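**Q** Mind looking over this structure? Questions follow.
The values are calculated or read from the model by the stated rules, or taken from the named source; none is laboratory data. If you're wondering where the values come from, they're calculated on a predicted model, not measured in any experiment. Glycine also receives a Cβ, built like all others from the backbone with ideal geometry; neighbour counts cover every protein chain displayed. Calculation scope for accessible area: heavy atoms of the full protein, side chains included, ligands and nucleic acids excluded. Shrake-Rupley method; radii C 1.70, N 1.55, O 1.52, S 1.80 Å.
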Amino acid sequence: MAMKGRTDQDEPALCKPAPDEAPVHRPPLLTAGLGWLRTPGTGSPLRWFFSAIWLVYLIQPVHALFGHRHGVLWIGGGLAITLAFCAIYVPTVIDTDRRPRLARAGLVAIVALAALACVVYGKGWTPLWIYVSAAAGMILSAEPDGRRRALRRVLAVAVCYIFFSWLSHDDAEDFWAVLLPVVLVGVAMIGFRMQIQLMQELSQARGTVAKLAANEERLRLARDMHDLTGQSLSVITLKSELAAKRLSRLPATQERDTVLGDLGDIGRVSRQTLHDIREAVSGYRRPTLAIEVITARNALDAAGIRLDDDTGLTLRSGTFDADAEAALAWCLREAVTNVIRHSGAKNCRIRLTEHPGELSLEIFDDGRGLGQPHPDQQPDPQPDPQPDPQSAKGTGLRGMSERLSAAGGRLALGAADPARSQGFKLTATVPVDRYDA
């Protein structure tokens, strides 16, 4: 019944909260907890806790060091091995993505420590191979073709456990009780690593979708701004000029001259406003690497060309200077167009690489090299005796070079395979000090 007196003008108020409505506040503890709900493997503080908590089972072999009448050197050696193993194991498992080389080196180190502990201290230390298996499954499954390779390494760790159990004369009951975790924990870590990779890919896909939606909204705003205001301002300019011409035919008076001046001001303001709107529209339509790589992927796929692109094109998009990114995006668009139209390539590779003080976009193809004619192109019966090197590059390449120069960058061309003079490589570089970190 309370809706009876509502009019159409009141309808948008349904989407707005009441002015006196109190905002909803989450408890600080809940907010802090939700802040840790990040993509797995991206740096949650809880990863240190969940990686180190399982080391509590090493208390049993450490306690056994004090159970017999051994010297201080014996106990100190066991404690040193335990501390070194823990200090290497936790960063090795956690920093697999950030420091892959150090992670592999850490894996080798904990293998050596586990072997040393089993040889010196005997069968009570064979459970260390469970942690070695977990680290092998986590680290090696992150590499290309990692699942099969990691599974083979987990089985190799199981073989090492069997050998050292035999060497330390472990009894059958304890042997089987540890062998199953050595194999199953390693396989479980491979599956856990696959889940982390899938979650990271999903997070990247969501970021790409968000950037596409934002770009689409910018294009819509630019289109509406141009359509709604451009025509009106053009009519205002035309009407003011027409009124000024009609007034100029009247007898000269001070009032007429004043009105003519006002009409001239109206025309100038409307023209300047129209110019500013067009500049704003062109700014909204500025290309980005994230959008251009998706467009390039669709275009190359339609042309039957296989694309191998870099995830950094999407991840770094929008993180540095807009003018520099626009220059690289224009280069990417023009380079892909050249690959489709002129190269005859079957494969195309795009990489975004960082160098000291610079960021480079590299496009490779396996088609015709630089200077090789297109099969459909007819040879010129009367070639120019003095060809212009700039014209040989083509208008598109000249435009890329000009855009990069305006952004403080440069363009380099060459063969993708210099040894065989095959393929084509284009490198567009912008200085790093031109974009924000």
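**Q** Restricted to segment 348-364, and to residues that are within 13 Å of Arg410 (Cα to Cα) and among the hydrophobic types (A, V, I, L, M, F, W, C), which residue is surrounded by the most Cβ atoms within 10 Å (Cβ to Cβ)?
**A** The selected residue is Leu361.
**Q** Now for a different question. Please verify whether Leu300 is closer than 15 Å to Arg349 by Cα, open to solvent by less than 70 Å² (accessible area, probe 1.4 Å), modelled with pLDDT under 85 and part of a helix (DSSP H, G or I), treating the condition exactly as stated.
**A** No, not satisfied.
**Q** Go over the candidates Val235, Val178, Val185, Val259 one by one and state the one that is open to solvent by 60 Å² or more (accessible area, probe 1.4 Å) and of a type in the set (Val, Ile, Thr).
**A** Just a single option satisfies the conditions, and that option is Val235.
**Q** Tell me whether segment 166-177 contains one or more residues that are without any contact (Cβ under 8 Å) to a residue 40 or more places away in the chain and under 19 Å from Val56 (Cα atoms).
**A** yes
**Q** Can you name every residue in segment 115-133 that is in a loop (DSSP other than H, G, I, E, B) and open to solvent by 10 Å² or more (accessible area, probe 1.4 Å)?
**A** Correct list: Gly122, Pro127.
**Q** Further question on the same structure: Given the criterion over 27 Å from Ile277 (Cβ atoms) and hydrophobic (A, V, I, L, M, F, W, C), identify the matching residue among Leu228, Leu247.
**A** Leu247
**Q** How many of the residues making up segment 303-347 are crowded, with 18+ Cβ neighbours inside 10 Å and among the basic types (Lys, Arg)?
**A** Qualifying residue count for the region: 2.
**Q** Answer with yes or no whether Ile291 is modelled with pLDDT under 85, crowded, with 17+ Cβ neighbours inside 10 Å and farther than 30 Å from Arg316 by Cβ.
**A** no
**Q** If you don't mind, there's one more thing I want to ask. If we keep just the residues of segment 240-256 that are touching a helix residue (DSSP H, G or I) at 6+ places or on another chain (Cβ under 9 Å) and among the charged types (D, E, K, R), which is most open to solvent (accessible area, probe 1.4 Å)?
**A** Glu241
**Q** Considering Val56, Val62, which residue is farther than 24 Å from Leu140 by Cα, over 40 Å from the mean Cα position of the chain (by Cα), free of Cβ contacts under 8 Å to residues at least 60 places away in the same chain and in a helix (DSSP H, G or I)?
**A** Within the list Val56, Val62, the selection yields Val62.
**Q** Any residue at all in segment 134-154 that's aliphatic (A, V, I, L, M) and open to solvent by 70 Å² or more (accessible area, probe 1.4 Å)?
**A** yes
**Q** Taking the stated definitions as given, is Arg98 of a type outside the set (A, V, I, L, M), part of a helix (DSSP H, G or I) and under 23 Å from Gln200 (Cα atoms)?
**A** So Arg98 does not fit the description; no.
**Q** Based on what the data block shows, is Asp257 under 53 Å from the mean Cα position of the chain (by Cα), farther than 30 Å from Ala205 by Cα and either assigned to a helix (DSSP H, G or I) or modelled with pLDDT of 85 or more (or both)?
**A** no
**Q** Just the residues that are without any contact (Cβ under 8 Å) to a residue 60 or more places away in the chain and more than 10 Å from the chain's Cα centre (by Cα), please, taken from segment 203-213.
**A** Those that are without any contact (Cβ under 8 Å) to a residue 60 or more places away in the chain and more than 10 Å from the chain's Cα centre (by Cα): Arg206, Val209, Ala210, Ala213.
**Q** From the set of residues in segment 386-437 that are more than 19 Å from Ala322 (Cα to Cα) and among the charged types (D, E, K, R), which is modelled with the lowest pLDDT?
**A** The extreme case among them is Asp388.
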